[in-house]
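Okay, structure first, notes after.
The values are calculated or read from the model by the stated rules, or taken from the named source; none is laboratory data. Keep in mind that this is a model prediction, so the values were computed, not measured. In this analysis, Cβ positions are derived from the backbone assuming ideal geometry, glycine residues included, and neighbour counts consider all displayed protein chains. Each accessible area value is taken on the protein alone, full model and side chains, heavy atoms only, with ligands, DNA and RNA left out. Shrake-Rupley method; radii C 1.70, N 1.55, O 1.52, S 1.80 Å.
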Amino acid sequence: MRGTSRDRILARVRRALADVPAHERPQDHPVPRDYLRTHGARTPAESADLLAENLADYRAVVHRVAATGLPALLTELLGRRGARRVAVPAGLPAEWLAQAPVEQVPDSAGLTARELDAVDSVVTGCALAIAETGTVVLDAGPDQGRRLITLVPDHHVCVVRTADQIVDSVPQALGRLDPARPLTWISGPSATSDIELDRVEGVHGPRALDVILVHDGRPRDEQAVTGDSAPARGL
Amino acid sequence: MSRTYLGMPAFPEAAAVSTGDATLRANLRRATHTIRAKRAAAVAELDDWDQLRAAGAAVKDRTLRHLDRYLLQLEENVTRAGGTVHWAADADEANRIVTDLVRATGETEVVKVKSMATQETGLNAALEQAGIRPYETDLAELIVQLGDDLPSHILVPAIHRSRGEIRDIFRTRMADWGRPAPSGLTDRPSDLAEAARLHLREKFLRAKVAVSGANFMVAETGTLVVVESEGNGRMCLTLPETLISVVGIEKTVPTWQDLEIYLQLLPRSATAERMNPYTSMWTGTTDDDGPRSFHLVLLDNGRTDALADRTGRQVLRCIRCSACLNVCPVYERAGGHAYGSPYPGPIGAVLTPQLRGLASPLEESLPFASSLCGACYDVCPVAIDIPEILVHLRERVVQGGEVTTRGIRTVVKPAKKHLAERAMMHAAGWTLDHPRALRRAQRLAARTRRLHPRRLPGPGRAWSDTRELPPLPTEPFRDWWARTRGGTA
């Protein structure tokens, strides 16, 4: 065989592109980026409302609570579900579950999927949430843990800080995320449209998703500004 | 065990059978009409859809025009992040690479995320031959695998199956593959989804090797993206020790920022959602989180041949959303199997002949499997002008001309069955250029009109199978005009 397949494919690509001028650089082929950075102007409170609305539209259960009420709400949600064993990321604030009468299963490199299969619920924070699409994004940060802990248990409770974790749009979200980290975008519980293109919630991932929007207790319109604070990446 | 697309009949023969299947047509009609309306509503939510669409097309075009550079950049960044990159010139090579990688782990089964690329290469059959059992984990792919069937839709491979048929397949076949269906299984979609969850859970928990595709690969970061709904993708991408992703070279996008375009275009076009339930993004390997070993197999398999065609190369923008299938009147009636490849519908009619070349009557027939109504172009989120490529490929089939096959530029001859059509068009062209001959021919035709058959004989027969021959007037227009001066004389 002449050369490697790598060489062969690259040579085919170059032959195929014989009509592209040799001096053309990628940026010489224009990309119009006149699409919107966000779809509408919103106050932070409006963004939080839209996030809640869109999450609920895809059957996540949304709760709003002041920071001081979070431990009680978590206790209530886990209790309602009958959860006895709860997976907990290493960096989850200890006070969140301090009141909950559950066995905490700490995330660690040794915790296997099979062990997680016998865990009832998992409680995490998130990297950010996207209002326009009703999405929470996990980046395996300390309060979120490894990817499998939010996948194998059947119930996921995800806490979003409204003060600084909500962005409006997909472009804003990508600008704040680090591609070097493993990312999981979650928009509602697991679903399928595979039977007659009819949407059914609940296949392999958690079938129940509770999202808690935590505000800091001040009046809503005084909450910190969210959104496009980080510069966009790329060209 | 796994069915393949080898030896499929040409589109007209296959469609003649499938269009007679009333159940199939009812299933397809219901499903495609449901998703059509939902997609339109999801798209209408975004005021800047046209701008996103233009940007989506332009980024892909930019990438394709400099694909060698972006592939090298991608390879460098995947490698730096701990992955291993392999290059596969064709389907056999891709299957060989994957088989060898699985063998090296010592495992004899793999879990699979739904992947068009591995459908295209026939990976499952190759793995089975090597004694490795592939388990499809997407619900629709599971239905297809258990039913010993072929996919008929890009996004919803079992779209041709009704809920009752799916229940029957689960009841009779699940036990052969692992955990049997629960007793008393109904045809409620939620019960069917639950049965799939139970059936596959054990496989996920013990799997050591997974095979996936990817929706996007980011050259500047080495990040791969898988967009899904059920969570089977997350299971496969997260739980096993070894992950092997087989991805077409055209799935590359230059920058991380470019994802902002496609993550808006794809979910709304595909499942008509603002965002699909789960999207996974990973860059190489991460300590203690997910697979320890990651292999990326970059697949050509005819893509560079399509790239060599200046009109046809836009097909490589495709992000496999399947919106064009859902609006196509031909797909709705003929069904996906008639297209003889994992890529059915309008996109398949332009993609398959370019990936495989005009190799057989099937590929030659596909560019004609369209009414050229243009609905596919209207909904395409990356503005692939499918009708333009269809006409271009029809010309190749009828006239012959230059094509690139397996990297080699060749000239194809006109397809045989179109010789008569070409001869007729040629004769018609000559006659129209020669007024006296035309007049004689028209008079002759008018005088013999009672003798004309309702269908054309010989090579014209197929043409008049589906068309009414126009009635001839008693007198040519020119003679009528000369006689009456337009009825005034």
Query raised in the report: So in chain B, what percent of DSSP beta bridges are antiparallel if you round to the nearest 5?
Result: 40 percent
Requested in this report: Would you mind telling me which residue in A:P179, A:P106, A:P32 has the biggest mean-square fluctuation in a Gaussian network model of chain A, where springs connect alpha carbons within a distance under 10 angstrom?
Outcome: A:P32
Report task. Spit out the partnerless Cys residues in chain B, using Cβ distances under 4.7 Å as the pairing rule. Result -> B:C236, B:C318, B:C321, B:C328, B:C373, B:C380
Report task. Run the numbers on segment B:67-103: which residues show a drop of 20 Å² or more in accessible area, chain on its own versus all protein chains together, using a 1.4 Å probe over heavy atoms? Result -> B:D68, B:R69, B:L72, B:E75, B:W87, B:A89, B:E93
Query raised in the report: Over segment B:1-136, what percent of the accessible surface lies on carbon and sulfur atoms, probe 1.4 Å?
Result: 49 percent
Report summary line: Which of B:K60/B:K114; B:K38/B:K114; B:K251/B:K413; B:K60/B:K203 exceed 25 Å between C-alpha atoms? The answer is B:K251/B:K413; B:K60/B:K203
Report task. Report, in degrees rounded to the nearest 10, the 0 to 90 angle that the Cα long axis of helix A:70-81 makes with the longest principal axis of chain A. Result -> 90 degrees
Query raised in the report: Using Cα pairs under 8 angstrom and six or more residues apart, how large is the relative contact order of chain B, in percent?
Result: 19 percent
Query raised in the report: Mind checking how much accessible area B and A bury in total, 1.4 Å probe, in Å² rounded to 100?
Result: 8300 Å²
Query raised in the report: Nearest-5 percent of antiparallel DSSP beta bridges in the protein assembly as shown?
Result: 35 percent
Report task. Report, in degrees rounded to the nearest 10, the 0 to 90 angle that the Cα long axis of helix A:5-16 makes with the longest principal axis of chain A. Result -> 60 degrees
Report summary line: Percent antiparallel among DSSP beta bridges confined to chain A, rounded to 5, stands at 25 percent
Requested in this report: Kindly identify segment B:21-176 as rounded, prolate or oblate by the Cα gyration tensor criterion: order the square roots of the eigenvalues as a ≥ b ≥ c, call it rounded if a/c is under 1.5, otherwise compare a/b with b/c, prolate if a/b is larger, else oblate.
Outcome: oblate
Requested in this report: Along Cα→Cβ, 7 Å out, is where each label goes; now give me the distance between the ones at B:D479 and A:A118 in nm to one decimal.
Outcome: 9.6 nm
Query raised in the report: Does any residue of segment A:127-165 lose at least 50 Å² of accessible area with all protein chains in place compared with its chain alone, and if so which ones (probe 1.4 Å)?
Result: A:R147, A:L151
Report task. Sort segment A:42-222 into rounded, prolate or oblate with this rule: let a ≥ b ≥ c be the square roots of the eigenvalues of the Cα gyration tensor; rounded if a/c is under 1.5, and if a/c is not under 1.5, prolate when a/b is larger than b/c, oblate otherwise. Result -> rounded
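Nothing charged except the Cβ atoms of Lys and Arg (+1) and of Asp and Glu (-1): what's the magnitude of the dipole of segment B:432-484 about its Cα centre? Round to the nearest 20 debye.
Dipole of segment B:432-484, to the nearest 20 debye: 220 debye.
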**Report entry** Total charge dipole magnitude, chain B, about the Cα centre, Cβ charges on Lys, Arg, Asp, Glu only, Debye to nearest 20
**Finding:** 2740 debye
Query raised in the report: Which of A:A131, A:A118, A:A180 moves the most in a Gaussian network model of chain A with Cα springs under 10 Å?
Result: A:A180
Report task. Go through segment B:18-29 residue by residue and turn each phi into a ³J(HN,Hα) via Karplus (6.51, -1.76, 1.60, θ = phi - 60°); whole Hz please, and just put x for glycine and proline. Result -> 5, 5, x, 8, 5, 5, 4, 5, 5, 4, 5, 5
Report summary line: Largest fluctuation, A:R85, A:R37, A:R199 only, Gaussian network model of chain A with Cα springs under 10 angstrom, belongs to A:R199
Report summary line: Using alpha-carbon positions, the gyration tensor of segment B:27-68 gives root eigenvalues a ≥ b ≥ c; with a/c under 1.5 called rounded, otherwise prolate if a/b exceeds b/c, else oblate, the class is oblate
Query raised in the report: So how far, in whole Å, is the C-alpha centre of segment B:323-376 from the one of segment B:16-41?
Result: 16 Å
Report summary line: accessible surface per residue for the protein assembly as shown, probe 1.4 Å, DNA/RNA/ligands not counted, whole Å² -> 40 Å²
**Report entry** Theoretical FRET efficiency, 1/(1+(r/R0)^6), r = Cβ-Cβ of B:A16 and B:R133, R0 60 Å, to 0.05
**Finding:** 0.95
Report summary line: Of the accessible area of segment B:432-484, computed with a 1.4 Å probe and all protein chains kept, carbon and sulfur make up a percent value of 57 percent
Requested in this report: Answer with one residue from B:T172, A:L55, B:P277: the one whose Cα lies farthest towards the positive end of the charge dipole of the protein assembly as shown, charges on Cβ with Lys, Arg +1 and Asp, Glu -1.
Outcome: B:T172
Query raised in the report: Karplus couplings for segment B:338-351 from phi (6.51 cos²θ - 1.76 cosθ + 1.60, θ = phi - 60°), rounded to Hz, Gly and Pro as x?
Result: 5, 7, x, 7, x, 10, x, x, x, 5, x, 5, 9, 7
Query raised in the report: How far is the Cα center of segment B:384-460 from the Cα center of segment B:297-318, in Å?
Result: 29 Å
Query raised in the report: What residues of segment B:218-259 lose no less than 40 Å² of accessible area with every protein chain in place versus their chain by itself (probe 1.4 Å, heavy atoms only)?
Result: B:E230, B:R234, B:M235, B:T238, B:L239, B:W256, B:Q257
Query - segment B:432-484: relative contact order in percent, alpha carbon pairs under 8 Å with at least 6 residues between - result: 39 percent
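Report the relative contact order of segment B:127-239, percent, no decimals, based on alpha-carbon pairs under 8 angstrom and at least 6 residues apart.
Working: 104 pairs, mean separation 20.8, N = 113.
Relative contact order comes out at 18 percent.
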Report task. Could you tell me what percent of the accessible area of segment A:1-96 is made up of carbon and sulfur, with a 1.4 Å probe and every protein chain present? Result -> 54 percent
